[in-house]
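Asker: Below is a structure I'd like to ask you about.
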Amino acid sequence: MGALFSFVMVILLVLLAYAGIKAANLQIFFGVVIPYAAILTFLLGFVYRMLKWSTSPVPFRIPTTCGQQKSLPWVKQNKIENPSTALGATVRMILEVFLFRSLFRNTKAELRDGRLGYGSSKWLWLGSLAFHVSFFTISFRHLRLFLQPVPSPVHFVETLDGFLQIGAPTFLITGSILLLAALFLLLRRFLLPTIRYISLPADYFPLFLIIAIASTGILMRYFLKIDVVSVKELTMGLVSLNPMIPEKIDVIFYIHLFLISVLLAYFPFSKLMHMGGVFLSPTRNLSNNNRMVRHINPWNYPVKARTYEEYEDEFREKMKNAGIPVEKE
Amino acid sequence: MPTLEFEGKTYDVDEEGYLNDWQVWSEPLAGQMAKLDGLELSDAHWDVIRFLRDYFQKYQIAPMIKILVKEIAKTMGPEKGNTKYLYELYPAGPAKQACRYAGLPKPTGCV
Amino acid sequence: MAKLPTPDELSKINYKPPEKRWVNTPAEFKDGFWCFGTRPKYLQAVDMPNPREWKPIEDDWKLPENWKEIFLEGFAERLKKYRSFRLFMDICVRCGACADKCHFFLGTGDPKNMPVLRAELLRSVYRNYFTTSGKLLGKLAGAREITFDVLRELWYYAFQCTECRRCSVFCPYGIDTAEITIICRELLNLLGLNTDWTMGPVANCYRTGNHLGLEPHTIKSIIESMVEDIETITGIKIEPTFNRKGAEILFITPSGDLFGDPGTYTCMGYMMLFHELGLNYTWSTLAAEGGNFGLFTSNEMAKKLAYKIYAEAKRLKVKWILGGECGHMWRVWNQYLETWHGPTDFLETPVSPITGTKFDYTSSLKAVHIAEFTADLIKHGKLNLNPSRNDYLKVTFHDSCNTARGMGIFEEPRHIIRNVCNHFYEMPENTIREQTFCCGSGSGLNAGENMELRMRGGFPRANAVKHVHKHYGINMLANICAIDRAALKPLMDYWVPGVEVCGVHELVGNALVMKGEKERTTTLRSEPLPEKEAKENV
Amino acid sequence: MYNGWKILLGLIIFLAVATFPFYSNIGKATVKPEPKIDTPVINELKEKKCVESKEFMKAEHMQLLNDWRDSAVRDGNRIYVAQDGEKYTISLQNTCMKCHSNKKEFCDKCHNYAGAKPYCWDCHIAPKEAKK
């Protein structure tokens, strides 16, 4: 249900942009107003969400320790998985953010004849890493449409991306990887019963959206061969705050742009905020140095606890009879 | 709250049939509890129950089996001071069954 | 009481979720899965809300009129107080990596025991009241109202989580279901919805300082009984002290070590070791409990129960604290204690009086784990050990969840075991260290009425033990946690008969050659040493 | 706000990266590149006509060149039959660049603008032009 709903939503978005351009000639709306609104929503929303999280304190230092603690000098500490310094915690975060360290550990449990076995299961790790790395690379490559002159790192990445040197325009591998990885993530949700069971519309929607974005991108580049110079005119107009609508850009471009705008605007209100959130995760970004440095809880308040005096008052006679020393005779 | 009816009186017990208040206990009540389990209490049973009650009176907790065994061995001889003997008397476990007949609550925590 | 299925029946688990969506499927309370509701007297004893007689299985939970309001206000308050909570409500992408990492899911196949879904039970409520999308889109955004059915479901599944953090190891964002369960239980406690087995120890602990409700003279008599046993076994009379001012070290261990077998043998091991070292230490009858069932109730309750630790250290004017083998006690000490009750300027950085090792990694908490303490002694060759006394044992080591994932103490106990036993084998790597499986009974779930749940939750652990039992003939499962010692015993009897359970310091006590001891003929369990028996039979 | 400076620093970096295209371009006028075709050879042509139509060339020149390369280098076929039936010699340097001898003003103008870097000139020698 969730999947069908999300699929229909994305189709509707595509049709909306198509009709908007083809029937209503709303180029300015789809080429200028929506993108600006989307970017603004994305930036402000993102900042708002991060600030909102930041208003809740981290009252306790609760890292999940995944390796040997720092203890006796001859015991080898796992300085990354159980960091005791900020440096260790930083390295841990870098591994987490860029290489999905925790997901790399993934196993698959199997029950056979009443016995549980655990196999290494790296597909989810591989799929999501491929997804994220290609998404990032593609975004970075798109800077060629937003900067003039195009800086050399952008060229460099594109050259790497096109290292297969197939066809013209050169086949860029990340586009297909993104599409395949997104399809893989989607298929998981369809085919694995447990994952299907937990999936919400909010899980399918961004996947369909990204699949649509990647597909329209691939269509534009390899099949419809839209006029990239005009596209860049439009994008440069946007980023230089001199928006303009060049003539004769194919409608597919407006669909692509509209879907990206939707993704940007949707981002801060969705689970996609894991991008910012992962940095704040207290089980990962803290070092396990509790026994060396006292962690302060800003809302720590005094509680009424039972004191020794109350305790002795209740048990004084019994204590004395048992020969246990007391404060008051 | 579950209750136990006996000789016209109603006793509050917990979900597993332990008396909520160990002081309302009486010997006939213990006999009745055993009878409901299909068990006739012999002198050997009563020795254990009395020891449990004495211990509880002093320490406000039922003794752990180890201490029970040791004390029984001290007073009744080593041939009775073993877990096997106690389990023969109380097949469902001395800690659980005997404590229940003795009207004592079940210990809780990391046990 | 519910009848426990046989291991054969129980190990047939179906992991395929039903077709019907979970949102519309109310929790079905299965016998043997849930614990009795708390009795009013326990709540009254510690001033917690809504004390009354109630039964989880009944339809009337006798909730206050405005229970929704209380629940939601509590929810809002905790979102403001805990970044972990707010963040973990927001950022889950439902990738499902956590699903088959949970021992309760692996043991029950109940989809709501997948950590992601356990959290979604609460997240769905969060979305409805605290997010724009949930308010606008409702069900489409995965939001749902807090109804009585939802509350029942939250209760049922909050007490089917042992807060073991295994899911958190695999989560790409480190989402820790324990944090969510802890707060879910706090919210339930606002309505008086705890379990009897958790609340009883809390009430006891407040009054007497320990979960079992052992009064000061009882503690002394129990320890004296152990002293007798030690004398019988070794011929050495040791003289522990209680509430002695001016001792160098305050020793604190979970009260399970004082009361339940096999914890008591571990306790004897501690005392024999301390005697042999001539350690200047004291027991406190008030701080005779490191465990803290308050952690399974609410932050405030946990803090109240932890107060005695530093208060007694201060009153008795000791220099530092030595902590026994306990799982959640060490999580509490490592992650909460000093934040609650520090600073600890009245104590000194711990120094081993035997080896001179300065434990400067605990310069602020000022508490040393006994495994660290003993490992240091062994490393410096300060103990005369005869590991062959443990030759009748083939030992494996179970990492306790809390010390594994809330602290990271892996090598120290292993170093000890390797030096006091000749036969030590590890369980498969996906089931030890940070990937260790819970005993299935942690976080206050070790009651009697939920035995099926416990046996199911402990299935992955038992399964790994079974593996080494079969391959190496393992007959002893060592650990450093009192709940483990209490819970693994029935678990082994159920799944892997023939495997006993012990604390690491029981093994130390067996192997320790004490000055002036008589020739030992029995183990600390007063069972004949097999080799001696064999010799006598020749 | 807790851990304020760390989060703010992170947000500033995030915003700096995310808005980089804006502040590095703000106020700059965008000039659409106009490829020049006023080379001597083209100027002398009676009918200013490429091998295919302007529209086709605009969208497909990369594909055409790619096909030409394959055709000439791999199949040894040096004849291209255009859509209007006219035949051309397949040669980048002798056919294309004969007319479009102003690589900098013709090819590079758009390529640079759009950030396209064809690898034609990895093998071919670029025509010599008057240095600017």
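Asker: Regarding the stretch C:202-223, can at least one residue be identified that is more than 26 Å from A:TYR311 (Cα to Cα), of a type in the set (Lys, Arg) and modelled with pLDDT of 95 or more? Before the answer, list the steps.
Answerer: Filtering the stretch C:202-223 for residues more than 26 Å from A:TYR311 (Cα to Cα) gives none.
No: the stretch C:202-223 contains no residue that is more than 26 Å from A:TYR311 (Cα to Cα), of a type in the set (Lys, Arg) and modelled with pLDDT of 95 or more.
Asker: Determine which member of the set A:ARG306, A:ARG294 is buried (at least 19 other Cβ atoms within 10 Å of the Cβ), at the interface with chain C (Cβ under 7 Å from one of its Cβ atoms), farther than 30 Å from A:ILE11 by Cα and not hydrophobic (A, V, I, L, M, F, W, C).
Answerer: Details: A:ARG294 fails: buried (at least 19 other Cβ atoms within 10 Å of the Cβ).
From the options A:ARG306, A:ARG294, the qualifying one is A:ARG306.
Asker: Is the stretch C:188-209 home to any residue that is crowded, with 21+ Cβ neighbours inside 10 Å and at positive phi?
Answerer: Within the stretch C:188-209 (the criterion being crowded, with 21+ Cβ neighbours inside 10 Å and at positive phi), the answer is yes, since at least one residue qualifies.
Asker: Something else now. What residue, among those in the stretch C:187-202 that are within 14 Å of another protein chain (Cβ to nearest Cβ) and among the aliphatic types (A, V, I, L, M), is farthest from C:LEU151 (Cα to Cα)? Break it down into steps so the answer makes sense when it comes.
Answerer: Of the residues in the stretch C:187-202, the ones within 14 Å of another protein chain (Cβ to nearest Cβ) are C:194-202.
Next, from what is left, pick out any that are among the aliphatic types (A, V, I, L, M): C:199, C:202.
Numbers: C:MET199: 19, C:VAL202: 23 Å.
Looking at residues that are within 14 Å of another protein chain (Cβ to nearest Cβ) and among the aliphatic types (A, V, I, L, M), I get C:VAL202.
Asker: Any idea which of (1) of a type outside the set (A, V, I, L, M, F, W, C); (2) within 14 Å of chain C (Cβ to nearest Cβ); (3) touching an Asp or Glu at 6+ places or on another chain (Cβ under 6 Å) is the one A:PRO246 doesn't satisfy?
Answerer: Among (1) of a type outside the set (A, V, I, L, M, F, W, C); (2) within 14 Å of chain C (Cβ to nearest Cβ); (3) touching an Asp or Glu at 6+ places or on another chain (Cβ under 6 Å), A:PRO246 violates only (2).
Asker: Suppose we filter A:VAL32, A:VAL47, A:VAL75 for residues that are assigned by TED's automatic domain parsing to the domain that holds A:LEU257 and in contact (Cβ under 8 Å) with a residue 12 or more places away in the chain; which single one remains?
Answerer: Values: A:VAL47 fails: in contact (Cβ under 8 Å) with a residue 12 or more places away in the chain; A:VAL75 fails: in contact (Cβ under 8 Å) with a residue 12 or more places away in the chain.
Step by step, each of A:VAL32, A:VAL47, A:VAL75 is checked, and only A:VAL32 is assigned by TED's automatic domain parsing to the domain that holds A:LEU257 and in contact (Cβ under 8 Å) with a residue 12 or more places away in the chain.
Asker: Confirm whether C:ALA288 is out of contact with any Ser or Thr (no Cβ under 9 Å at 6 or more places or on another chain) and under 20 Å from C:TRP333 (Cα atoms). Give the derivation first.
Answerer: Numbers: out of contact with any Ser or Thr (no Cβ under 9 Å at 6 or more places or on another chain): no; under 20 Å from C:TRP333 (Cα atoms): yes.
Answer is no for this residue.
Asker: Restricting to the stretch C:312-326, what's the tally of residues that are at the interface with another protein chain (Cβ under 10 Å from one of its Cβ atoms) and either at pLDDT below 95 or touching a Lys or Arg at 6+ places or on another chain (Cβ under 8 Å) (or both)?
Answerer: Taking the stretch C:312-326 first, the residues at the interface with another protein chain (Cβ under 10 Å from one of its Cβ atoms) are C:312, C:314-316, C:326.
Filter once more, so that each one left must be either at pLDDT below 95 or touching a Lys or Arg at 6+ places or on another chain (Cβ under 8 Å) (or both): C:315-316.
Counting residues in the stretch C:312-326 that are at the interface with another protein chain (Cβ under 10 Å from one of its Cβ atoms) and either at pLDDT below 95 or touching a Lys or Arg at 6+ places or on another chain (Cβ under 8 Å) (or both) gives 2.
Asker: Looking at (1) away from every other protein chain (no Cβ under 11 Å); (2) under 30 Å from C:HIS369 (Cα atoms); (3) not acidic (Asp, Glu), find the lone condition where A:ASN82 falls short.
Answerer: The one condition A:ASN82 does not meet is (1).
Asker: Anything in the stretch A:160-197 that is free of Cβ contacts under 8 Å to residues at least 12 places away in the same chain, surrounded by fewer than 16 Cβ atoms within 10 Å (Cβ to Cβ) and within 30 Å of D:ASP67 (Cα to Cα)? List them, or say none.
Answerer: Correct list: A:LEU160, A:PHE163, A:LEU164, A:GLN165, A:ILE166.
Asker: Quick check on my filter: what residues within the stretch D:77-100 are under 17 Å from D:TRP121 (Cα atoms) and in contact with a strand residue (DSSP E or B) (Cβ under 7 Å, 6 or more places away or on another chain)?
Answerer: Within the stretch D:77-100, D:ILE90, D:THR95 qualify.
Asker: Considering only the stretch D:15-35, state which residues are more than 7 Å from chain A (Cβ to nearest Cβ) and in a helix (DSSP H, G or I).
Answerer: D:ALA16, D:VAL17, D:PHE20, D:TYR23
Per-residue answers, yes or no, for (1) buried (at least 18 other Cβ atoms within 10 Å of the Cβ); (2) in contact with a Gly (Cβ under 8 Å, 6 or more places away or on another chain); (3) modelled with pLDDT of 95 or more; (4) assigned by TED's automatic domain parsing to the domain that holds A:SER176:
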{"position": "A:LEU99", "(1), (2), (3), (4)": "no, no, yes, yes"}
{"position": "A:PHE104", "(1), (2), (3), (4)": "no, no, yes, yes"}
{"position": "A:ASP113", "(1), (2), (3), (4)": "no, no, no, yes"}
{"position": "A:GLY117", "(1), (2), (3), (4)": "no, no, no, yes"}
{"position": "A:SER120", "(1), (2), (3), (4)": "no, no, no, yes"}
{"position": "A:GLY127", "(1), (2), (3), (4)": "yes, no, yes, yes"}
{"position": "A:ALA130", "(1), (2), (3), (4)": "yes, no, yes, yes"}
{"position": "A:VAL133", "(1), (2), (3), (4)": "no, no, yes, yes"}
{"position": "A:THR137", "(1), (2), (3), (4)": "yes, no, yes, yes"}
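Per-residue answers, yes or no, for (1) of a type in the set (S, T, N, Q); (2) surrounded by 13 or more Cβ atoms within 10 Å (Cβ to Cβ); (3) in contact with a Leu (Cβ under 9 Å, 6 or more places away or on another chain); (4) at negative phi:
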{"position": "D:TYR2", "(1), (2), (3), (4)": "no, yes, no, yes"}
{"position": "D:ILE13", "(1), (2), (3), (4)": "no, no, no, yes"}
{"position": "D:GLY27", "(1), (2), (3), (4)": "no, no, yes, no"}
{"position": "D:VAL31", "(1), (2), (3), (4)": "no, no, no, yes"}
{"position": "D:LEU64", "(1), (2), (3), (4)": "no, yes, no, yes"}
{"position": "D:ILE79", "(1), (2), (3), (4)": "no, no, no, yes"}
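Asker: Might you let me know whether the stretch B:22-31 holds any residue that is among the β-branched types (Val, Ile, Thr), away from every other protein chain (no Cβ under 13 Å) and over 30 Å from C:VAL227 (Cβ atoms)? If you could, list the steps in order and put the result at the bottom.
Answerer: Restricting attention to the stretch B:22-31, the residues satisfying the condition of being among the β-branched types (Val, Ile, Thr) are B:24.
Filter once more, keeping what is away from every other protein chain (no Cβ under 13 Å): B:24.
If we keep only those that are over 30 Å from C:VAL227 (Cβ atoms) as well, we get B:24.
Yes: the stretch B:22-31 contains one or more residues that are among the β-branched types (Val, Ile, Thr), away from every other protein chain (no Cβ under 13 Å) and over 30 Å from C:VAL227 (Cβ atoms).
Asker: If you take just the helices (runs of 4 or more DSSP H) that sit entirely in the stretch C:59-115, which of them hold at least 3 residues that are away from every other protein chain (no Cβ under 13 Å) and not small (Gly, Ala, Ser)? Before you say what the answer is, go through the steps one by one.
Answerer: Details: elements: C:67-81, C:83-90, C:103-108.
The qualifying helices (runs of 4 or more DSSP H) are C:67-81.
Asker: Conditions: (1) of a type in the set (Phe, Trp, Tyr); (2) over 21 Å from the mean Cα position of the chain (by Cα); (3) assigned by TED's automatic domain parsing to the domain that holds C:LYS308. C:TYR206 meets all but one. Number of the miss?
Answerer: (2)
Asker: Let me ask something additional. Taking into account only those residues within the stretch C:37-54 that are part of a loop (DSSP other than H, G, I, E, B) and in contact with a Phe, Trp or Tyr (Cβ under 7 Å, 6 or more places away or on another chain), which is farthest from C:ALA158 (Cα to Cα)? Step through it out loud before you land on a result.
Answerer: Within the stretch C:37-54, the first condition is being part of a loop (DSSP other than H, G, I, E, B), and the residues that meet it are C:38-39, C:46-54.
Now narrow it down to the ones that are in contact with a Phe, Trp or Tyr (Cβ under 7 Å, 6 or more places away or on another chain): C:46, C:54.
Numbers: C:VAL46: 22, C:TRP54: 18 Å.
That would be C:VAL46.
Yes/no per residue for (1) within 14 Å of another protein chain (Cβ to nearest Cβ); (2) more than 30 Å from C:LYS220 (Cα to Cα):
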residue	(1), (2)
B:ASP43	no, yes
B:ILE49	no, no
B:PRO63	yes, no
B:VAL69	yes, no
B:GLY77	no, no
B:GLY81	yes, no
B:TYR101	no, no
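Asker: Counting only residues that are assigned to a loop (DSSP other than H, G, I, E, B) and away from every other protein chain (no Cβ under 13 Å), which one in the stretch C:404-439 is surrounded by the most Cβ atoms within 10 Å (Cβ to Cβ)?
Answerer: Here the answer is C:CYS438.
Asker: Run down A:TYR18, A:TYR36 and say which single residue is touching a Phe, Trp or Tyr at 6+ places or on another chain (Cβ under 9 Å), among the hydroxyl-bearing types (Ser, Thr, Tyr) and assigned to a helix (DSSP H, G or I). First the steps, then the outcome.
Answerer: Numbers: A:TYR36 fails: touching a Phe, Trp or Tyr at 6+ places or on another chain (Cβ under 9 Å).
One residue alone meets the criteria, A:TYR18.
Asker: Output the residue which, of all residues in the stretch A:139-148 that are of a type outside the set (A, V, I, L, M, F, W, C) and crowded, with 19+ Cβ neighbours inside 10 Å, is nearest to A:GLU96 (Cα to Cα).
Answerer: In the first step, residues of the stretch A:139-148 are kept if they are of a type outside the set (A, V, I, L, M, F, W, C); the result is A:139, A:141-142, A:144, A:148.
Checking which are crowded, with 19+ Cβ neighbours inside 10 Å leaves us with A:141, A:144, A:148.
Values: A:ARG141: 24, A:ARG144: 29, A:GLN148: 34 Å.
My answer is A:ARG141.
Asker: Of a type in the set (Ser, Thr, Tyr) and assigned to a helix (DSSP H, G or I) - does that describe any residue in the stretch A:159-171? If you could, list the steps in order and put the result at the bottom.
Answerer: Taking the stretch A:159-171 first, the residues of a type in the set (Ser, Thr, Tyr) are A:159, A:170.
If we keep only those that are assigned to a helix (DSSP H, G or I) too, we end up with A:159.
Within the stretch A:159-171, one or more residues are of a type in the set (Ser, Thr, Tyr) and assigned to a helix (DSSP H, G or I).
Asker: Could you grab me the full set of residues in the stretch C:62-92 that are among the aromatic types (Phe, Trp, Tyr) and crowded, with 20+ Cβ neighbours inside 10 Å?
Answerer: First pass over the stretch C:62-92, keeping only residues among the aromatic types (Phe, Trp, Tyr): C:67, C:71, C:75, C:82, C:85, C:88.
If the condition is that a residue be among the aromatic types (Phe, Trp, Tyr) and crowded, with 20+ Cβ neighbours inside 10 Å, then C:PHE71, C:PHE75, C:TYR82, C:PHE85, C:PHE88 are the ones that fit.
Asker: Which numbered condition trips up A:LEU72, out of (1) hydrophobic (A, V, I, L, M, F, W, C); (2) within 20 Å of the chain's Cα centre (by Cα); (3) within 7 Å of another protein chain (Cβ to nearest Cβ)?
Answerer: (2)
Asker: Also, I was wondering about something else. Could you please find all residues in the stretch A:309-326 being of a type in the set (A, V, I, L, M, F, W, C), at the interface with chain C (Cβ under 7 Å from one of its Cβ atoms) and not in a helix (DSSP H, G or I)?
Answerer: Selection gives A:ALA322, A:ILE324.
The values are calculated or read from the model by the stated rules, or taken from the named source; none is laboratory data. The structure presented is a predicted model; accordingly, all values stated were derived computationally and were not measured. Cβ coordinates were reconstructed from backbone atoms using ideal geometry, including for glycine residues, and neighbour counts include every protein chain displayed.
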